[in-house]
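Peer 1: Got a structure for you, questions after.
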Amino acid sequence: MILNAEPIDGHTYGLACLDVTRNGRDIRACSTHLIAAKAPQSQRNTLTAAMKAALSPVVSQKDVVIVGGDFNTTPKTYPMDNLYGVGKDHTGQFRELHQMAGQGTTNRAGKPTIGGGDESRKFDYIFASVKGSRASGGTEQTCWKDGNPQTQDCTTSNHRILWGQVPLKPVG
């Protein structure tokens, strides 16, 4: 699914998606990688707005839609308003993994996925459609190769691996 017909910074961005059926649920799972962090937020907003428009009909058709990837921006920036479906300034249809973890929250935050120390920030996300997910009961985890004895050495990337459980609403 192409997000920008006109190249941005010489690139075309998109969503790679697949449909699966799991435990009676009709699921679409998508992955993306948006323009680098040094690009203007307006360019990233163009991409997340296109993502919102492209996924809106899919959310109404599927039991749950999951979108993950490297968005190259932090949770409270305005391009992310297009994805977040709960919390301050939301206009989208999704909950982020952090929002579903434990008792749940509407805060736009989460574990850092890039950098270290004072330079740590969240750039990587897993979203699930509000329609098919529950507000609490999930998990959120990260790890990376950083030499810190408190973390597992699980990747050589400069981004931490993000994973967890998305709590789904019952079928039927």
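The values are calculated or read from the model by the stated rules, or taken from the named source; none is laboratory data. The structure displayed is predicted, hence computed values, not measured ones. All Cβ positions, even for glycine, are placed from backbone atoms using ideal geometry, and neighbour counts span all protein chains on display. For the accessible areas, the whole protein counts, side chains as well, though only heavy atoms, and no ligand, DNA or RNA atoms are used. Shrake-Rupley method; radii C 1.70, N 1.55, O 1.52, S 1.80 Å.
Peer 1: Filter segment 111-146 for residues that are of a type in the set (A, V, I, L, M) and within 14 Å of the chain's Cα centre (by Cα); which is least open to solvent (accessible area, probe 1.4 Å)?
Peer 2: Here the residue is A128.
Per-residue answers, yes or no, for (1) open to solvent by less than 20 Å² (accessible area, probe 1.4 Å); (2) within 20 Å of L162 (Cβ to Cβ); (3) basic (K, R):
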site: I2; (1), (2), (3): no, no, no
site: A5; (1), (2), (3): no, no, no
site: T48; (1), (2), (3): yes, yes, no
site: V67; (1), (2), (3): yes, yes, no
site: P79; (1), (2), (3): yes, yes, no
site: Y84; (1), (2), (3): yes, yes, no
site: R95; (1), (2), (3): no, yes, yes
site: H98; (1), (2), (3): no, yes, no
site: A109; (1), (2), (3): no, yes, no
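Peer 1: Check C154 against each of (1) at pLDDT 85 or above; (2) of a type outside the set (F, W, Y); (3) surrounded by fewer than 18 Cβ atoms within 10 Å (Cβ to Cβ) and name the one condition it does not meet.
Peer 2: (1)
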